[in-house]
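First up is the structure itself, then whatever we jot down about it.
The values are calculated or read from the model by the stated rules, or taken from the named source; none is laboratory data. All of these numbers come straight from a predicted model, not from anything done at the bench. Every residue, glycine as well, gets a Cβ built from its backbone with ideal geometry; the counts of neighbours run over all protein chains shown. The area values use the complete protein model at the heavy-atom level, side chains included, leaving out ligands, DNA and RNA. Shrake-Rupley method; radii C 1.70, N 1.55, O 1.52, S 1.80 Å.
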Amino acid sequence: MSSIVPMISSGTAGPLGVLHLPRLWQKASLEAVGKLHSDYPGCGKGYDQMVLSGLGIDREEFLSYIKSSKPSYVQLEEWILSKKGGSLDQAAVKKLNDDIRGYIHADDTRAGILSSAGRKDDGSIKDAVNLNNLDDWATFYSAELK
């Protein structure tokens with residue numbers, strides 16, 4: 001069975017405007033069908049949990065829905081809206097998005113990601129979204145192109 005590196009950035013939002021939600025959907029969906037690359041959790045404790053908590057969605061209920069329904073991304077957003085009475089609290093979405101954009105990895109994590117990606121740590125990249133992108137691209141390169 002294939003092993004897929006998730007390539008949707010945490011900095012990507014779908015129509016609901018929630019950053020990282022498309023990536024969480026992709027990772028959880030790939031894990032549910034046994035296709036997620038082994039370096040990635042289907043639903044981790046970082047951004048994944050931040051999104052679920054920020055939206056007020058129960059983790060186990062979310063994972064059960066993904067596994068049993070295998071929703072498209074649009075279907076996932078519709079399911080979330082059904083859980084939230086038809087709309088999201090836009091102040092909560094803004095706070096969540098700001099938290100995602102503003103998250104900074106620890107220095108050792110940053111150094112490890114940049115080293116693995118083959119990029120000098122000149123201090124210019126600090127935010128987790130861009131560091132995670134570099135990590136994904138390096139993993140994809142090693143797994144699929146090298």
Over 26 Å between Cα atoms: which of Lys27/Lys84; Lys27/Lys95; Lys35/Lys84; Lys95/Lys126; Lys27/Lys120; Lys70/Lys94 fall into that group? Lys35/Lys84; Lys27/Lys120; Lys70/Lys94
Build a GNM of the chain with springs between Cα atoms under 10 Å: which of Gly123, Gly42, Gly54 gets the top mean-square fluctuation? Gly123
For Leu36, list long-range residues whose amide hydrogen, built 1.01 Å from N in the peptide plane, is under 5 Å from its own amide hydrogen. Ile4, Glu31
With every protein chain in place, the accessible area of Arg101 for a 1.4 Å probe, in Å² rounded to the nearest 10, comes to 140 Å²
Solvent-accessible area of Val74 with every protein chain in place, 1.4 Å probe, in Å² to the nearest 10: 90 Å²
Per residue, what accessible area does region 16-98 have, given a 1.4 Å probe and all protein chains present, in Å²? 48 Å²
Compute the length gained on full extension between Glu78 and Ala111: take 0.36 nm times their separation in residues and subtract their Cα-Cα distance, giving the result in nm to one decimal. 8.0 nm
Would you work out the charge dipole size for the chain about its Cα centre, treating the Cβ of every Lys and Arg as +1 and the Cβ of every Asp and Glu as -1, and quote it to the nearest 20 debye? 200 debye
Say R0 is 41 Å: what FRET efficiency, to the nearest 0.05, do Ser69 and Asp122 get from their beta-carbon distance? 0.35
So, over other residues within a Cβ distance under 15 Å of Lys83, counting Lys, Arg +1 and Asp, Glu -1, the net charge is -4
Max mean-square fluctuation residue, GNM over the chain, Cα-Cα springs under 10 Å, options Glu78, Glu61, Glu31: Glu61
Share of accessible surface on carbon and sulfur in the chain, whole %, 1.4 Å probe and ligands ignored, is 52 percent
Within region 1-32, the residues whose backbone N lies under 18 Å from a label point placed 7 Å from the Cα of Tyr141 along the Cα-to-Cβ direction are 5-9
Reported to the nearest 10 Å², Ile100 has, with a 1.4 Å probe, an accessible area equal to 0 Å²
